[in-house]
1. For A:Gly38, list long-range residues whose amide hydrogen, built 1.01 Å from N in the peptide plane, is under 5 Å from its own amide hydrogen.
2. Using Cα positions and a limit of under 26 Å, work out the lysines in reach of A:Lys57, with same-chain residues fewer than 8 apart set aside.
3. Can you compute the helix-only [θ] at 222 nm over chain A? Use -39500 (n - 2.57) per DSSP H run of at least 4 residues, normalise by all residues, nearest 500 deg cm²/dmol.
4. Within segment B:104-148, which residues have the backbone N less than 19 Å from the label spot 7 Å out from B:Leu157 along Cα→beta-carbon, could you tell me?
5. Can you list residues from other chains, or at least 5 along the same chain, whose modelled amide H is less than 5 Å from the amide H of A:Leu20?
6. Using the Cβ atoms and a cut-off under 14 Å, what net charge is assigned to the surroundings of A:Ala81, where Lys and Arg are +1 and Asp and Glu are -1?
7. Take every DSSP beta bridge with both residues inside segment A:2-76 and express the antiparallel ones as a percent of the total, to the nearest 5.
8. Compute accessible area for segment A:103-147 by itself and then with all protein chains, 1.4 Å probe, and report residues whose area falls by 30 Å² or more.
Amino acid sequence: MRVSLTVNGKLRESEVEPRLLLVHFLRDVLGLTGTNIGCDTSSCGACTVLIGGDSVKSCTMLAVQADGTEITTIEGLAGEALHPVQEAFRQNHGLQCGYCTPGMVMAAASLLAEQPHPSEEEVRAGLEGNLCRCTGYHNIVKSVLAAADMAPVPAPAVAS
Amino acid sequence: MIPSSFEYRRASSLAEAITMLGEGGDDAKLLAGGHSLLPLMKLRLASPTVLVDIGRLRELSYVRDGGDHLAVGALTRHADVHNSDVVGREVPLLAHVAGQIGDPQVRHRGTIGGSIAHGDPASDLPAVCLALRATLLLAGPSGERQVPAIEFFTGFLETALARDEVLTEIRFPKLGGARWSFQKFNVRAQDWAIVGVAAVRNGSAGVALVNMADRPVLATGVEAALAAGASPEEAAAHASDGLEPPSDVRASGEYRRHLATVLVRRALEEAGA
Ligand SMILES: Cc1cc2nc3c(=O)[nH]c(=O)nc-3n(C[C@H](O)[C@H](O)[C@H](O)COP(=O)(O)OP(=O)(O)OC[C@H]3O[C@@H](n4cnc5c(N)ncnc54)[C@H](O)[C@@H]3O)c2cc1C
Ligand code: FES
Ligand code: FES
């Protein structure tokens, strides 16, 4: 089936098998390997991308379901400068091995778009869909709180 | 993990979805948010030959005030139910529970209709439907019918839905100030409940259980004890009357019986029963 979707502001079209998962479309068809696969069982959040600004686990969605949508991956989050969440992760050492980081950053961007000034508890609850095997949660939470202070957080680009 | 091959059809209306289901034969399945079905397909525990995608039927995503009840469209996502002002005001138990499901990513995709139609004893929203005596609207080739939630769940992942029927709407009686409680016991934040309890005190009491049988169930023993004037503690002793709770990697049936007694007592104390 032919799908046509906007990924990081660029219109991408491709013929895909209906069973192709969105994460494989992003990584294998478009070569956007910043989106990681961790568990492949909908638990870890490493594969989180934004669809219309909302965080979604791309291992639990078919590419055909994303037809016509606007997707932002970690590669598309920064503009001229890093996105505030990325900048805050850098400044606060919000990563160890970095495997969970793309998903954490995307989940945090979605969280801050919904709740621009969350409490620490709200950040922890807002990241419950993302696991860090290095268990570096403390600095991740610190980074997200710092990003909220850097606001304004621009809403991820959505055309419609 | 990659699902086995299937034919993908996208419905652009409810009528088309019903027709496509009919044409698809025995192994056709609806796809809503995909957050129960796709994980099963990736594990090859489900291998439908035709998927009818109803995810774009935005006309089935709504919350409407029906006077004495709230009508929620089956394609309404958990996040939208949780954030709806009118749900928060009129059926706060439902708004609360929708916000407890999985994690934010799951709530951005999963739908209320998919949660109920899946008939999973581990899901949270079926217990809310049972405790509140919700009514479900089903649409099929010969029209629409209403089924009380208490008659909907018929077995493990089995419901009253016919093969070519679509769940279109769930009607929840307004709570009108009645007190309620939802108790969910799990080990990891994003997990399903090991045992859960939804309780409401609305004149009579409604009490339903998560993960205490092969299907979502009412705690009939608790409801009967309360009707006869029992205290929360006395009523909670009947939490698993007539039930065979499952044993799995997370808990034994015996442990679930114990948990149910504790959680029902807490729920009834909180709901002021
Ligand atoms: C990591 C994770 C954690 C989760 N945690 C929880 C939790 O804590 N509590 C909880 O309750 N749930 C949990 N869920 C499940 C989640 O709530 C699902 O969204 C929900 O169970 C199914 O909704 P869906 O729209 O995704 O349905 P789908 O997966 O698309 O469909 C599920 C089934 O219902 C059928 N169906 C769907 N819509 C209709 C309809 N309108 N009419 C007739 N049949 C229909 C489909 O054919 C399919 O058989 C979790 C899921 C994941 C991936
Ligand atoms: S890879 Fe998608 S949730 Fe882990
Ligand atoms: S930094 Fe290593 S998994 Fe999170």
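The values are calculated or read from the model by the stated rules, or taken from the named source; none is laboratory data. Because the structure is predicted, anything quoted here is derived from the model rather than measured. Don't worry about glycine lacking a Cβ; one is built from the backbone with ideal geometry, like all the others, and counts go over all protein chains shown. SASA here: full protein model, heavy atoms, side chains in, ligands and nucleic acids out. Shrake-Rupley method; radii C 1.70, N 1.55, O 1.52, S 1.80 Å.
1. A:Ala46, A:Cys47
2. Result set, ordered by chain and number: A:Lys10, A:Lys142, B:Lys29, B:Lys42, B:Lys184.
3. Numbers: 4 runs with 43 residues, N = 160.
Counting only the DSSP helices, I get -8000 deg cm²/dmol.
4. The answer is B:110-127, whose backbone nitrogens lie closer than 19 Å to the label point.
5. Distant-sequence amide H within range of A:Leu20: A:Ala63.
6. Once all neighbours under 14 Å are counted, the net charge is -1.
7. Details: 13 of 15 bridges.
The answer is about 85 percent antiparallel.
8. Listed by number, the residues meeting the 30 Å² cut-off are A:Glu128.
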